[in-house]
Amino acid sequence: MTSKRTRLRLVQQLRDEGIRNEAVLEAMAEVPRHLFVEEALQNRAYDNIPLPIGDGQTISQPYIVAKMTEVLASGPLHKVLEIGTGSGYQAAVLAQMVEQVYSIERIEALYKSAKNLFPQLGLRNIQVRYGDGEQGWAEQAPFDGIIVTAAVEQVPEGLLMQLADSGRMVIPVGSANSQVLQVITRMGDHFQTVNLDPVRFVAFQEGIS
Ligand code: SAH
């Protein structure tokens with residue numbers, strides 16, 4: 001069950017759970033999530049659950065992808081940085097809505113497979129980099145949105161500095177068992193933090209693997 005109809009059923013579920021931004025819902029209806037997981041899991045790709053993508057990592061639950069995208073899109077969004085490409089699904093959703101997505105992944109196999117998949121899906125506005133996301137992507141900064149898809153114990157300072165004025169960062173913060181999704185908005189030299197939903201992400205790791 002990997003048809004557009006199945007995807008639209010998922011989108012209805014996201015609406016029921018409170019996702020309101022039409023552009024986000026449209027993007028979720030468009031991106032074929034089943035192509036971001038291995039074949040054996042494809043029949044579960046439109047269930048609202050996370051799925052394993054190898055190397056102990058997971059593709060996030062669709063609701064969380066939609067929620068994080070909606071939060072980022074609460075202001076102007078042209079250029080976004082993602083830390084933790086993983087399967088590439090979140091980047092593909094963002095790519096439906098913004099001009100340019102930059103995404104960094106520290107596991108080489110995941111980086112390579114996402115990099116190969118994007119052009120196959122006709123997604124030409126995503127640039128991927130193999131590396132440690134902690135330092136961000138200085139050459140392309142500032143970003144009006146930064147999304148971190150692995151949980152940090154402390155928000156990396158270097159990443160905050162790559163936010164444009166009025167830009168927003170969405171990031172899961174906390175330890176393995178207790179994390180909260182935060183949205184941090186830059187206002188000049190000030191950063192305003194708001195706590196959103198409790199979440200469960202894989203841990204942010206230092207260095208490359
Ligand atoms: N956004 C992904 C979810 C991936 S899970 C998706 O849509 O599928 C989190 C990812 O963050 C993993 O692939 C993990 O390897 C990566 N990650 C963890 N720490 C990182 C770091 N310091 N730099 C870059 N990527 C990192």
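The values are calculated or read from the model by the stated rules, or taken from the named source; none is laboratory data. Predicted, not measured: the structure shown is a model, and the values here were computed from it. For neighbour counting, all protein chains shown are included, and Cβ atoms are generated from backbone atoms with ideal geometry for every residue, glycine included. Each accessible area value is taken on the protein alone, full model and side chains, heavy atoms only, with ligands, DNA and RNA left out. Shrake-Rupley method; radii C 1.70, N 1.55, O 1.52, S 1.80 Å.
Exposed loop sites are taken as trypsin sites (Lys or Arg not before Pro) in a DSSP loop (any state but H, G, I, E or B) with at most 13 other beta carbon atoms within 10 Å; the longest stretch of the chain without one runs 21-123.
Between ASP165 and GLN192, the modelled label-to-label distance comes to 1.6 nm, taking each label 7 Å out from Cα in the direction of the beta carbon. Its Cα centre serving as origin, region 1-78 has a Cβ charge dipole (Lys and Arg +1, Asp and Glu -1) of approximately 240 debye. Annotation: extensible slack from GLU26 through TYR130 equals 34.5 nm (criterion: 0.36 nm per residue apart, minus Cα-Cα distance). For THR185, THR6, THR58, the ranking by accessible surface with the largest value first comes to THR58, THR185, THR6, using a 1.4 Å probe. Rounded to a whole number of µm²/s, how large is the Stokes-Einstein D of the chain at 25 °C and 0.890 mPa s, given Rh as the Kirkwood radius over C-alpha pairs? Reported coefficient: 145 µm²/s. Taken over region 1-70, the ratio of Cα radius of gyration to 2.2 N^0.38 Å equals 1.05.
Working from label points 7 Å from Cα in the Cα-to-Cβ sense, the GLN61 to LEU8 distance is 2.6 nm. To the nearest 10 degrees, how steeply does helix 108-120 sit against the main Cα axis of the chain, on a 0 to 90 scale? So the helix axis and the longest Cα principal axis differ by about 60 degrees.
Can you tell me the dipole magnitude for region 50-199 around its Cα centre, using point charges on the Cβ only (Lys, Arg +1; Asp, Glu -1), in Debye to the nearest 20?
Details: 9 positive and 15 negative charges, 80 e Å.
Taking the Cα centre of region 50-199 as origin, the dipole is about 380 debye.
Near LEU163, the amide H atoms lying under 5 Å from its own belong to PHE143; only residues 5 or more places off or on other chains count, and H is placed 1.01 Å from N. Which one of THR6, GLY88, ILE53 is farthest out on the positive end of the charge dipole of region 1-103, using unit charges on Cβ (Lys, Arg +1; Asp, Glu -1) and the Cα centre as origin? Farthest along the dipole direction, towards plus: THR6. Distant-in-sequence amide contacts of GLN182, defined by a placed amide H-H separation under 5 Å and a gap of 5 or more residues or a different chain, comprise ILE171, VAL173, LEU196.
Of the beta bridges in the chain, as assigned by DSSP with both residues counted there, near 50 percent are antiparallel.
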